[in-house]
Amino acid sequence: MTTVSDLPWQRLDRRMLVVHPIVDLAKLVPVLLVIAITGGTADDRWRLWGGLALAAAVMLYGVSRWFTTTYRIGTDRVELRTGLLRRHHHSVHRDRIRTADLTANPAHRLFGLAVVRVGTGRREGGENAELTLDAVARGEAERLRALLLREAVPVGPDAPAAPELARLRWTWVRFAPLTFSALAVVGAVWFGLLRLAEEFSIRPGPQVLEETAGRAPIWLGAVALLVTAVVGAAVVFVEGWWGYRLTRADDGGLVLRRGLLTRRTLSLEGRRVRGVELDEPLLVRLGRGARPLALTTGLRADGAGEHVGAVGPAMPRREAHRVAAGVLGVGEDEATRTRLVRHPRAALVRRLTRGLGPALVVAAVLLILPRVPGDEVLVPVLLGGAALLAVDRIRSLGHALTPSALVARQGAWVRRTVVLRRGGVIGWRLEQSLTQRRAGLVTLHAVTAAGRGRYEVLDVDVARALELVEDVTPGLLAPFVIDGRGARSFVRR
Amino acid sequence: MTTPQSGGARLRTPAHRVSPRARRWWALRSAIGTLVVLAPQVVAAALWPRVADVLLVTGGLTLVVGVAHALVVPRVRYALHRWEITDDAVHTLSGWLRLEWRIAPISRVQTVDTDRGPLQRAFGLSSVTVTTASSSGALTIDGLDAGDAVVLADRLTRATEHLGGDAT
């Protein structure tokens, strides 16, 4: 790498001359299909030439992108120029670069290419906070990533024996149908099938529907749903987590590789990791599984809408604890397995009243309303479910302060255990509702630059909350602390 | 319910109130809000006499609630909203039924903005917003005297200037 300021501009990989048009054309296929299929009364020649002209324009545009896109990586900034009619010059200071991620969709992989996405880790600014090189040769991409993140340049794709935190085990696929994404897959598949049936006008008439549906036993439908859920979830799991490997980088950061068709390499700079989270959605928890997440600054949800910061799929709980501790670089009993402090009794009572109260109201309404079918089943199920959830919330609730982090756990539908490094706390928020005031409790929010922005310690004793604040950020609240004998509110007016 | 633990530590309120003129600003804002809800009802009542009876009732209710809101809420807010800047942090206390105390350590402050809407300007008021690197770390002090706000923003900006790092 030369260091002169008049560094030559470089082009993307020559193979993009082919890839761009192909990818753009593939995106155009639905439109072309519609053009080809629809109508029948209009002039067919117009249809043919129109379609061809559109395709040609798209291909030309795709080719032009290679000629108009140039980049260079200088000593202090990375620059990218794009655009045919509207030239765009984008430049990012290298000090500001926080992420350099590689992705490769099937077309890229076919040609041995990868997209480099350079991020500054800023939340605002949207597109401007990111710079995308689409695409360069795989080896070049790896080299750029290492260069931009100032890592040691790897000799081969996975030549150096980087310490491995986790690797895919195929038995984990059993958790896939238990996650929420499984439901989404079922919905998408059935919606797609219905749309397809509609397109080919095999919409069954009402009498046909009645005959078949009337004859088919109800369990058949349930089985069909279940099978699509299981298969769909498994397919999504395989596509997303094929070849999953989590390794530790030289700087204490993490490198996450995964994906079957679209290969992703995500690097998390060590100094951006503020903590970890262990998510246990109810179903996954019943299967004794959990999902590890890293709380890092400057991560946005990717296009697939996946949970930000996931460092692994749902996996056995024991593994998840191990991965979470590995991400933080501490022992398990100082991370998500920390022994938690129970909350005051009033906090537990609040879980019960808040969980059972609404259920009782609904049950009462159901009982008062005349002739609601299935009263005798619905009411016990409702009350029993609410009671179980409330008890579960009580069991989940807890917090702790380790030498390195603040730990908080809560939740029933999704039980979340958050481990936030002390240094990651960049502010506080204390909240007290009217009922909390009466019970002498507050909800303490630790504000952080990572993840969801703040993490709460639900319903702690006022004195304990102040103690936590004092311990994590000494002196911050000291000028305000007074002896509040008899005061109910956490603020004495 | 258990009784709150007596003898525990509590917090005193932050030292400063906002400008007394903020009460009038809040009242005016409340009145405008009431008008926005009331006006369509009046228009509708004029256009469709058939529903005028119903609208008379809802309009009357709107007016009563609006007047009560304009009379009570600004006073309550003025009584409750407090702020203070210590050597280490910016503190704000707000809320009525739900108390909320926000703390932003000065070392973590990223930007300090003053903001004056047309209404605030009419009363010589200004808001100061302090943001940190967190998506939910911002805190705002509304209804400050415009002059005080400038001095405050200046002081905060100067306090954060000599601190290095990216405050995350």
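Using only the Cα atoms of the stretch B:18-79, construct the convex hull and provide its projected area averaged over every direction, in square nanometres to one decimal.
Working: hull surface 15.6 nm².
So the Cα hull casts an average projection of 3.9 nm².
How much FRET efficiency would the formula 1/(1 + (r/R0)^6) give for A:Ala57 and A:Arg11, where r is the Cβ-Cβ distance and R0 is 25 Å, rounded to 0.05?
That pair, A:Ala57 with A:Arg11, gives E of 0.65.
Modelled spin labels at A:Ala188 and A:Leu261, positioned 7 Å past Cα toward Cβ, are 0.9 nm from each other.
Quick check for you: which residues of the stretch A:406-437 have the amide N under 15 Å from the point 7 Å beyond the Cα of A:Leu340 toward its beta carbon? Residues A:406-420 qualify, since their backbone N sits under 15 Å from the label point.
Starting with the fewest neighbours, write out A:Tyr455, B:Tyr78, A:Tyr61 ranked by other beta-carbon atoms found within 10 Å of each beta-carbon. Don't jump to the answer; show the numbers that get you there.
Values: A:Tyr455 26, B:Tyr78 17, A:Tyr61 14.
Fewest-to-most Cβ neighbours within 10 Å comes out as A:Tyr61, B:Tyr78, A:Tyr455.
The modelled label-to-label distance between A:Arg96 and A:Arg492, using points 7 Å beyond Cα along the C-beta direction, is 4.8 nm.
Could you calculate the FRET efficiency of B:Ser136 with A:Ala234 from 1/(1 + (r/R0)^6), where r is the beta carbon distance between them and R0 is 30 Å, rounded to 0.05? Provide the component values of the computation, followed by the final result.
Numbers: r = 37 Å, r/R0 = 1.22.
The computed FRET efficiency comes out at 0.25.
The peptide list A:423-436, A:76-89, A:99-112, B:145-158, put in order of mean Cβ contacts within 10 Å with the highest first, becomes A:423-436, A:99-112, B:145-158, A:76-89.
Across the protein assembly as shown the C-alpha pair distances fall into 20 Å bins from zero in the proportions 14, 37, 38, 11, 0 percent.
Take the Cα of B:Val54, step 7 Å toward its Cβ, do the same at A:Arg354, and the gap between the two points is 3.8 nm. Here the stretch A:353-426 and the stretch A:309-352 have alpha carbon centers that stand 18 Å from each other.
Can you give the mean number of other chain Cβ atoms that lie within 10 Å of the Cβ atoms in peptide B:48-56?
Numbers: counts 0, 0, 0, 0, 0, 0, 0, 0, 0.
Mean partner shielding for this stretch: 0.
Sorting B:118-129, B:65-76 by their mean Cβ neighbour count within 10 Å, with the most densely packed peptide first, gives B:118-129, B:65-76.
What helices does chain B have that are whole DSSP H segments, at least 15 Å long along their own axis by Cα, and with mean Kyte-Doolittle hydropathy of 0.5 or more? Before the final figure, lay out the partial values.
Numbers: long enough: B:22-47 (38 Å, 1.03); B:52-80 (40 Å, 1.46); B:146-161 (22 Å, 0.12).
Counting only whole DSSP H runs, the qualifying helices are B:22-47, B:52-80.
Between A:Arg271 and A:Asp375, what is 0.36 nm times their sequence separation minus the Cα-Cα distance? Round to one decimal in nm.
Details: separation 104, 0.36 × 104 = 37.44 nm, distance 5.66 nm.
Separation in residues times 0.36 nm, less the Cα-Cα distance, equals 31.8 nm.
A protection proxy built from the mean count of other Cβ atoms within 10 Å ranks the segments B:51-60, A:332-341, most packed first, as A:332-341, B:51-60. Sorting A:Leu178, B:Leu47 from the fewest to the most surrounding beta carbons within 10 angstrom yields B:Leu47, A:Leu178.
Where does the protein assembly as shown land at 222 nm, in deg cm²/dmol rounded to the nearest 500, when only DSSP H runs of n ≥ 4 count, each adding -39500 (n - 2.57), divided by all residues?
Details: 17 runs with 273 residues, N = 661.
-13500 deg cm²/dmol, from helical runs alone.
Calculate the mean, over all residues of peptide A:354-366, of how many other protein chain Cβ atoms lie within 10 angstrom of the residue's Cβ. Intermediate results must be reported in sequence, preceding the final value.
Working: counts 0, 0, 0, 0, 0, 0, 0, 0, 0, 0, 0, 0, 0.
The shielding value for this peptide is 0.
For peptide A:421-430, compute the average count of partner chain beta-carbon atoms within 10 Å of each residue's beta-carbon. Mind showing how you got there, number by number?
Details: counts 0, 0, 1, 2, 3, 13, 16, 8, 9, 7.
Counting Cβ atoms of other protein chains within 10 Å of each residue's Cβ and averaging gives 6.
FYI, it's all coordinate maths here, none of it is from the lab. Remember, it's a predicted structure, so these values are computed and weren't measured experimentally. Every residue, glycine among them, receives a Cβ derived from its backbone with ideal geometry; neighbour counts consider all protein chains shown.
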